[in-house]
1. Part of a loop (DSSP other than H, G, I, E, B) and modelled with pLDDT of 95 or more: which single residue out of Leu11, Leu37, Leu61, Leu24 fits that description?
2. Within region 454-474, which residues are within 20 Å of Leu119 (Cα to Cα) and modelled with pLDDT under 95?
3. For Phe220, which of the numbered conditions (1) in contact (Cβ under 8 Å) with a residue 40 or more places away in the chain; (2) closer than 30 Å to Pro721 by Cα; (3) more than 23 Å from the chain's Cα centre (by Cα) fails to hold?
4. Filtering region 614-624 down to residues that are crowded, with 22+ Cβ neighbours inside 10 Å and in contact with an Asp or Glu (Cβ under 9 Å, 6 or more places away or on another chain), which residue is nearest to Pro190 (Cα to Cα)?
5. For residues in region 1-46 being without any contact (Cβ under 8 Å) to a residue 60 or more places away in the chain and touching a Ser or Thr at 6+ places or on another chain (Cβ under 9 Å), which is nearest to Leu320 (Cα to Cα)?
6. Looking at Pro154, Pro102, Pro149, which one is within 17 Å of the chain's Cα centre (by Cα) and modelled with pLDDT under 95?
7. Restricting attention to region 334-358, which residues are outside any loop (DSSP other than H, G, I, E, B) and surrounded by fewer than 23 Cβ atoms within 10 Å (Cβ to Cβ)?
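The values are calculated or read from the model by the stated rules, or taken from the named source; none is laboratory data. A quick note: this is a predicted structure, and the numbers were derived from the prediction, not measured. Cβ atoms come from the backbone with ideal geometry, glycine included; neighbour counts cover every protein chain shown.
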Amino acid sequence: MPSITRPQLGLTAEDSIPAFPSVLKPPAGAPNVIVILFDDLGFGQLGCFGSDIETPSIDRLAADGLRYNRFHVTALCSPTRASLLTGRNHHAVGMGFLVDTPLAYPGYNGRIPSSAATLPRVLRAAGYNTLAVGKWHLLPRGERSAAGPFDRWPLGMGFERYYGFLQGDTNHWTPNLVSDNHYVDPPRRPEDGYHLTEDLADTAIRMVIDQQHSAPGKPFFLYFSLGAMHAPHHVPPEWAARYEGRFDRGWDRWRQEVFARQLESGLVPAGTDLTERPPWMAAWDDLSADAKRMHARAHEVYAGFLTHTDAQIGRLIAALERIGVLDDTLVMLMSDNGASAEGGEHGTINEHRFSTRIPESVEDNVAHLEEWGGFRSYNHYSWGWALAGNTPLRLWKRYTWLGGTRTPLVVRWPGGVHSAGEVRSQFCHAVDVLPTILDACDIQAPEMVDGVAQQPLDGVSFASSFGDADATAGRRIQYFEMLGSRSIVSGRWKATTDHVSLGVVDEENLMAGSRDFALDHWALFDLEEDFSEAHDVSGEHPEVVRRLQELWLVEAGRNNVMPLSEGLTSRLGAIIPRDYPIGTRAVFHPGGSPISEEGIPMLVAGFEMSVDAEVPPGGAQGVLFALGDWNGGYALYAVDGQLRFAFCAAGETTMAEATSKSSPGRHRLSVTFTPGEGPGGKFVLACDDETIGSAVTAAALPVALQHGGTHLCLGYDRGFPVCDDYQPPSRWQGKIYEMTVSTPPGRSVDPNADARIALHAD
């Protein structure tokens, strides 16, 4: 049949010549691609990177493939994810910080431009199916509601299917889930054995099998983006129990043992020195017995969480092998930043205490020791374990020392890796992942996408290193910047500022304005001789330091890094407002889905929440509205005719109870919060505007409950309850007509509220 572009149409089929549409196919032999992305996983936490935490599934991937010991990221999650999926530097695509606080500066607006088409968009255009499962966190605050806009949701960025959560973290027992472009409930309750990581693995397996059933042999791209190992470190108790007593020796000895294994295995080159523990961090031997017990338990839970996650990765890999596609698949496993120290000096049973200004203490953590990792926790380990998790490197997530920016990378691809089990030492970065995958798939990066000219890629393929241990690194220059911490690599040299102290010892200082960046010391490290960034040689090479400082400024200017700020208060005036502001009054009606926290007015300046409801003849019973749970949330509900309002601030609950029962019939039932009355504020319950109860809270920020994708349920609750007085769904037994949320116009709000939320939304 001749090749024609248009059909030739006659009166009948016999007189006509059809024109068959072309079928889009990738180049012959193009592999399937899976990117497995961890969150907050440190350089030294995998078994194949020196840890004694059991990660057999990942270790097998490394044994069949390669470990890269000089892979770099941006030091924070949203920026790394943007770089990974676009091949461009994070500031160059508007992701200089978290999407939770988009700013009206080009490098920080939280909006990946259409001139930086994502990897799934490019692969889809080349004939791939594109699937995403897990954490997204590339959607600006204000665009996560049921109204969208949806162009920056995963399906708007090139994926054909999505299942996961949009925010920076979520409760692994009761997550806020999205399927494609709509919110959904988890398939089971936690009491029935639900866990997010298992659900994500189930869904990824099902998506791939469905895709291969429908299009056998058609290549797919799976972006498997885990909530692990970000806090909360939630794990079934039997997984943590297997590590009982394993970390009683503490972080100093554990760090030394990991380092010894790294040297012995060849992962870390001979001659490397273990960086020193910071002088303001406690030595393990100086801790009290209670503190040791508490910190050891926190790491037992973390280790169980990691091993449990490894098992789910193992299930995915086994499914690929079972259906015969594993060896035709390029698997790349990495982390978005180094281990996280956001648990602070003591760790925390509930990381939301930071945003509610509830101080941590060893005594309180010990009192909740058995809850660690369970339903009633939102836990995070201390900075001592974060430092150990990044062995042998300095510091951690958020800072451009190597502890924040150098993470594990494992590559398995039988079609391209022929020297299994080896270590590769080429410098590479998250921006290099996209060009490397396109190179492996024999696909050219497009110059135009959807009629938009594409900005140049910042990354360069390192696929040549798959088969050649001596392959030259594709790039010699890479800048880094995060919250004012700056560094730059140029060939063998790395210059790093000391701009870390304000936020390390006291995170409240992150709210402060920036200090004088010109006063920062730039340390210099010879990375060919000093793998771990242990020895500052700036005094010996002042001319190199000056050159690298100037080079950093050039790269910063080219990539829209300015303006610098180590805190957020100095930039709060630049926060981009919502396209459709909620204002000071919102009305909600029954019959819809749970309401996104972004559809609720900000509550910090005070509020009134009222429900126009029918109290049944049998008396008031059930939930009128609820948001969040016993880790942080609020609910207006009734038990045996008595109206109650529970306000839970990071696990500490204030309860307002009515002094009398509500009579049957239609009523306006309300709760009002007035800040500044008492330590934090006063809640007042009312029925038809008549006060029936009150309570004073010490917590200052009800607004901090609007985090992590929590949703407002009207007439029932889901997930965990806000308090133990009721068990979800606990539906309201009468009729609900509408709910109104009002906030006072013109009242000043806490300028640090968004900052504290954003800092713990990553």
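1. None of the others qualify; the one that does is Leu11.
2. Gly474
3. Unmet for Phe220, out of (1) in contact (Cβ under 8 Å) with a residue 40 or more places away in the chain; (2) closer than 30 Å to Pro721 by Cα; (3) more than 23 Å from the chain's Cα centre (by Cα): (2).
4. If we take residues in region 614-624 being crowded, with 22+ Cβ neighbours inside 10 Å and in contact with an Asp or Glu (Cβ under 9 Å, 6 or more places away or on another chain), then Val623 is nearest to Pro190 (Cα to Cα).
5. Ala19
6. Exactly one of Pro154, Pro102, Pro149 is within 17 Å of the chain's Cα centre (by Cα) and modelled with pLDDT under 95, namely Pro102.
7. So in region 334-358, the residues outside any loop (DSSP other than H, G, I, E, B) come out as 334-335, 348, 350, 353-356.
Residue satisfying the conditions is Met334 alone.
Residues are listed down the side, and each one gets a yes or a no for (1) at pLDDT 95 or above; (2) out of contact with any helix residue (DSSP H, G or I) (no Cβ under 9 Å at 6 or more places or on another chain):
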{"position": "Pro408", "(1), (2)": "yes, no"}
{"position": "Trp413", "(1), (2)": "yes, no"}
{"position": "Ser419", "(1), (2)": "no, no"}
{"position": "Ala430", "(1), (2)": "yes, no"}
{"position": "Leu434", "(1), (2)": "yes, no"}
{"position": "Gln444", "(1), (2)": "yes, no"}
{"position": "Gly451", "(1), (2)": "yes, yes"}
